[in-house]
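A short write-up of the structure that comes next.
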Amino acid sequence: MTVMEKNTKDKIFEEELMPQIDALYNFAYHLTYNEEDANDLVQEAYLKAYRFIASYEVGTNAKAWLFKILKNAFINNYRKKTKQPTRVDYEEVVNYHNEEDDTNYSSYSDMREEIFQGMMGDEVTNAVNSLDVSFRTVLLLCDVEGFKYEEISKILDVPIGTVRSRLHRARNMLKEHLKEYAESKGFTDKRG
Amino acid sequence: KNPEFRIRKKVSPNLVQSIK
């Protein structure tokens, strides 16, 4: 690679990719609900993006491209981590941590932190977090990040019909979770 | 003619610097 090529890569990286970092971090945080995991995920996504920057077409949708890289990194990490069930009873977590040697149970510490953060977070964040990751992802991409169905379909590698049905179910589940809270704040949904 | 609910973390400067 010549110096000029590296300069070009750096320029694209700085001007087109780095401005997306807040949105990317927000997405990563709502996928993992753990600041360290979100940091790792964003860093991994950016380093991969830099490595494969030649496949990015300048002036196209940098945000969607980065989100796709991050989503793939998340799925790979998630698969590695979830040999065990994703949800465990709190008592079970405490018992595991009372064992003399907990080196084999490192993934449980994330879960305990997730449970703690869930208790401390606000109602909406809790409700979104309670959605299964496949529903949470489409909701975040559409309602928080403002991606269109077609963009979400490309980011997640699923048909547009799947995006629409997941979004429909995610919103309905969220409405159920939030019904009482929303009504108490003056937002109403009387459809039942 | 006949008179829809749409629900924020910021990245740390350390992470930005680390990536750069």
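Quick rundown of the values:
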item: Cα Rg over Rh - region A:1-81, Kirkwood; result: 1.00
item: Separation of the A:K6 and B:N2 label points, Cα + 7 Å toward Cβ, nm; result: 6.4
item: Residue-normalised accessible area of region A:1-81, expressed per residue, 1.4 Å probe, Å²; result: 52
item: Extended-chain gain in nm, criterion 0.36 nm per residue less alpha-carbon gap, A:E150 and A:E35; result: 38.5 nm
item: Net lengthening on full extension, A:E15/A:E123 (0.36 nm per residue, minus Cα-Cα); result: 35.3 nm
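The values are calculated or read from the model by the stated rules, or taken from the named source; none is laboratory data. These numbers come from a predicted model, not from an experiment. Methodologically, a virtual Cβ is constructed for each residue, glycine included, from the backbone with ideal geometry; neighbour enumeration extends over all protein chains shown. For accessibility, only protein heavy atoms count, side chains too; no ligands or nucleic acids. Shrake-Rupley method; radii C 1.70, N 1.55, O 1.52, S 1.80 Å.
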